[in-house]
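What follows is a set of notes on a single structure, which appears directly below.
Just so it is clear, none of the values below were taken in a lab; they were calculated from the coordinates. Fair warning: this is a prediction, and the values are worked out from it, not measured in the lab. No Cβ is skipped: glycine too gets one built from the backbone with ideal geometry, and neighbour counts run over all protein chains shown.
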Amino acid sequence: MTAADVISAEQRYLLQTYARPEFVIERGEGCYLYDSEGRRYLDCVAGIAVNALGYGDPDVARAIRDHANGLIHLSNLYHSRPAVELAQTLVNHTSWADRVFFCNSGAEAVEGALKFSRRYARDIHGEGKTTIVAFSGSFHGRTMGAVAVTAREKYRQPFEPVMPGVRFIPFNDSAAAAAAITDDVCGVIVEPIQGEGGLSVATPEFLRALRERCDAVDALLIFDEIQCGIGRTGTLWAHEPYGVAPDLMTIAKPLGGGLPIGAILMRQKVAQAIHTGDHGTTFGGGPFVTAVAQTVFRKIADPTFLAHVREVGDYLGEALADLQAARPNVVLEVRGRGLMRGVVINGSSSAVREAAHNEGLLIATAGDDVLRLVPPLILTRAQVDEAIEKLTRALDAAS
Ligand SMILES: *Cc1c(COP(=O)(O)O)cnc(C)c1O
């Protein structure tokens, strides 16, 4: 198949849920992708914050080779070493967490966390404590429970009725949170740094207020770190610098080095309310994917690696602030932390994204007027310079 054949067959055979650009990526190396014409792109999307170690990491390749023979899948009916070892590693790296449930994606981790919140409330408090509080600008996935707690109407409204019992309040509004988190609430789900919704960063006061209100009514606080977790912001967990800990945390995107895996971390008090047979999965926590994830997680959790993310992330933040100073009418605001950055523009984010493709730069969007940069965490300072040069040209071309 030529690239043109791939593009026309895509239009004929794949469900048209994505608007893809007119090139076909064939190869990746480090932070670069190459299309069928040999054009090179600096990748600031990383498979939507998944490919934290870039393309062709030798340790990931070795882990895949080492575990490719035999036990790819076993099911959760039997004990298996890699899943237990990964759970132990995750718990040891997370001060407040005691146990882990593995699944296959972000949305599935969110579904599990919502179910566990309802289960906990019913176990401890009986009937009637079933409301989930979620926030403006949130994104938690595309399944019926996850869209029910996702703010954007477009993702939710066409599929109604979705899961009932959700109360939305404004993000970073502590007073609204205090009023909304009442005795009927079993769970509060929040992204410490919002991803798809526009890269807004939670204020310390807001997360503290959520923690206090959840404690007051014994609601479970769920941090969705599917996008912002695992080193993305320069600390292993995005919530670490806040000094506020949740009761449950969902993770997924980068954990498997590109293989599908999600996980829910939880405190013992939550785990105690979940009983044999309450929840399950066929594929979740399989030996192959958890063995590879162990390699990925250990590499990212290394303090030297995290120090690199902080350094390059700060550098990217400064470079974007300089860009805003140089183009104040085009760049309205820079958001985010570490290597998770949003650029609010005066114009169409998809137009700038297309223009960036022409410059050899892949960027994502987060809404109609926010550009999103979530590059591989191995990005270098020189590559930040390259990204800013290309982005500047794309902004000029699109405006
Ligand atoms: C991507 C994402 C999800 C959904 O993950 P999927 O693997 O696409 O189901 C949920 N929450 C956040 C914060 C995400 O970024």
In the structure displayed, which of 129/154; 115/253; 269/299; 129/253 lie more than 26 Å apart, Cα to Cα?
129/154; 269/299; 129/253
Let a ≥ b ≥ c be the square roots of the eigenvalues of the Cα gyration tensor of region 43-112; is it rounded (a/c under 1.5), or, if not, prolate (a/b larger than b/c) or oblate?
oblate
Bin all alpha-carbon pair distances of region 31-164 at 5 Å intervals from 0 and give each bin's fraction as a whole percent.
2, 8, 10, 13, 16, 16, 14, 12, 7, 3, 1, 0, 0
Could you work out the helix-only [θ] at 222 nm for the chain, with each DSSP H run of four or more residues adding -39,500 (n - 2.57) and the total divided by the number of residues, to the nearest 500 deg cm²/dmol?
-12000 deg cm²/dmol
Could you work out the local net charge near residue 86, counting Lys and Arg as +1, Asp and Glu as -1, over the other residues with Cβ closer than 14 Å to its Cβ?
+3
Considering only DSSP beta bridges with both partners in region 70-301, what is the antiparallel share in %, to the nearest 5?
40 percent
Over all viewing directions the Cα convex hull of region 70-301 casts an average projected area in nm² of 12.0 nm²
Using a 10 angstrom cutoff on alpha carbons, build the Gaussian network for the chain and name the most mobile of 308, 79, 357.
79
Rounded if a/c is under 1.5, else prolate if a/b beats b/c, else oblate: with a ≥ b ≥ c from the C-alpha gyration tensor eigenvalues square-rooted, which is region 174-281?
oblate
Could you list 232, 298, 267 so that the one with the fewest beta carbons within 10 Å of its beta carbon is first and the one with the most is last?
298, 267, 232
According to the square roots a ≥ b ≥ c of the eigenvalues of the Cα gyration tensor, what is the shape class of region 248-399, taking rounded for a/c under 1.5, prolate for a/b larger than b/c otherwise, and oblate for the remainder?
prolate
P(r) of region 230-312 over all Cα-Cα pairs, 10 Å bins starting at 0, rounded to whole percent, reads 15, 40, 35, 10, 1
Dipole check, the chain, charges on Cβ (K,R +1; D,E -1), about Cα centroid: among 227, 358, 161 the Cα furthest to the positive pole belongs to 161
How big is the dipole moment of the chain about its Cα centre under a simple scheme where the beta carbon of each Lys and Arg is +1, that of each Asp and Glu is -1, and everything else is neutral? Debye, nearest 20, please.
580 debye
Semi-axes, largest first, in whole Å: what does sqrt of 5 times each Cα gyration tensor eigenvalue give for the chain?
33, 26, 20
Rounded to the nearest 5, the percent of DSSP beta bridges in the chain running antiparallel is 65 percent
Of the DSSP H helices in the chain, those whose Cα atoms cover at least 30 Å axially and whose Kyte score averages -0.5 or more
303-326
How far is the Cα center of region 1-34 from the Cα center of region 106-171, in Å?
33 Å
If you put +1 on each Lys and Arg Cβ and -1 on each Asp and Glu Cβ, how big is the dipole of region 70-301 around its Cα centre, in Debye rounded to 20?
460 debye
Percentage of interatomic Cα-Cα distances in region 325-387 larger than 16 Å:
47 percent
From the residues 295, 248, 189, which one has its Cα farthest along the dipole of region 70-301 in the positive direction, the dipole being from +1 and -1 charges on Cβ of Lys/Arg and Asp/Glu about the Cα centre?
295
